[in-house]
Amino acid sequence: MRFGIDLGGTKIEIVALDEGREVLRERVPTPQTIYEDTIRAMCDLVHRAESKLGVRGTVGVAIPGTISPTSGLVKNANSTRLIGHPLDRDLEALLERPVRVANDANCFALSEASDGAAAGSDIVFGVIVGTGCGGGVCVGGRVLRGAHAIAGEWGHNPLPTPHPNEIDIAPKCYCGRTSCIEAWISGTGLAADFQRRSGKTLRGHDIAAAAEGGNELALAVMEDFYDRFARSLATIVNVLDPDAIVIGGGLSNIDTIYCELPARVESYAFTPEGRTRIVKNLHGDSSGVRGAAWLWSEAEAARME
């Protein structure tokens, strides 16, 4: 049995996979108090799941950040109460077993590469485009972590080959830098671009719907969105040459993305000979928690039982 936990800002979810088949799922609100309460909530989920199923299992956790390979402490987490804590070691002490922790975007990529939209692909880049913009890399069925444990964090690269007018209006990113990819092509960035041009507030999905309805301003905003998205993904194609790029997050439900991006990406990529598949996720919001479970192999889970 493999247990996966997705630690989010508002909810903690656990799933149990038996040979890839989901046999249990539960979610609870994320404690908004101290760090220790969050750790206890995760442990309680595991203990309840094992009690219901009558079996002990491996535990993987997806977090909105990463574990520093230098200090062993959580860093880069938007759930700030996690920062500076040895989350994996604390869980291991309470659960009395090894625990694997990975960034939620990496877990998303692993889930979709294992039994999702990119199943069977060797190199997979997972993109989460919602309020922010994150990424994860999976090679040969394993998460690529990197020396700084930030592999796939393309959202904090600068927008490639900016046009002259983009230089003048480059937005500030929450990380403190200017013109990060995340500040342009996230749902937040898309809405900000529309508001800058129109003075009106619309969500990303509503902007896309207005464009499909023929609204000229929305069409122009979406055209720039697709172009910026394609330029950004082309850099990934040049570096990783992935077999598949899987898109998740709220903006993944804009269906025109999958028509507009492939040819544009190839036009910006170096010596294209065949398109990298750009596909919508299969598991939706469940990819993070499923990917956390996939951090352990079936053989490892069998030994735990």
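Quick note: the coordinates plus some simple rules give every number you see, no bench work behind them. Fair warning: this is a prediction, and the values are worked out from it, not measured in the lab. Note: ideal-geometry Cβ built from the backbone for every residue, glycine included; neighbour counts use all protein chains shown.
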* **Principal axis dimensions, largest first and in whole angstrom, of the chain by Cα** => 59, 43, 39
* Structure fact -> Long-range amide H partners of VAL61, meaning residues 5 or more apart or on another chain whose placed amide H is closer than 5 Å, are ILE5, ARG100, VAL101, ALA102
* Cα centroid of region 34-97 to Cα centroid of region 196-241, whole Å -> 37
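Placing unit charges on C-beta atoms (Lys and Arg positive, Asp and Glu negative, everything else neutral), compute the dipole magnitude of the chain about its Cα centre in debye, rounded to 20.
Numbers: 30 positive and 39 negative charges, 118 e Å.
The dipole magnitude comes to about 560 debye.
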* **Values of log10 I(q)/I(0), in the order q = 0.10, 0.13, 0.19, 0.21 Å⁻¹, for region 198-294 under a Debye, Cα-only, solvent-free model** => -0.32, -0.53, -0.97, -1.08
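For the chain, list the DSSP H helices whose alpha carbon atoms reach 24 Å or more along the long axis and whose average Kyte-Doolittle value is 0.5 or above? It would help to have the intermediate numbers written out before the result.
Working: long enough: 35-53 (28 Å, -0.45); 216-240 (36 Å, 0.71).
Span-like helices here: 216-240.
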* To do: Send over the per residue convex hull volume for region 1-72, Cα only, as a whole number of Å³.
  => 100
* Among SER121, ALA149, VAL246, which residue has its Cα positioned farthest towards the positive end of the charge dipole of region 120-281, with +1 placed on the Cβ of Lys and Arg, -1 on the Cβ of Asp and Glu, and the dipole taken about the Cα centre? -> ALA149
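Can you order the peptides 226-234, 34-42, 249-257 by their average number of other Cβ atoms within 10 Å per residue, highest first? The partial results should precede the final answer.
On the way: 226-234: 22.7, 34-42: 16.2, 249-257: 18.3.
Packing proxy ranking, top to bottom: 226-234, 249-257, 34-42.
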* region 120-281: Rg to Rh, with Rh as the Kirkwood radius over Cα pairs -> 0.96
* To do: Just grab the label-to-label distance for LEU219 and LEU24, each label 7 Å out from Cα along the Cβ direction, in nm (one decimal).
  => 5.5
* To do: Arrange the following residues from fewest to most other Cβ atoms within 10 Å of their Cβ: CYS175, CYS180.
  => CYS175, CYS180
* Where in region 174-205 does the amide nitrogen come within less than 13 Å of the point 7 Å from the Cα of ILE83, taken along Cα to Cβ? -> 174-176
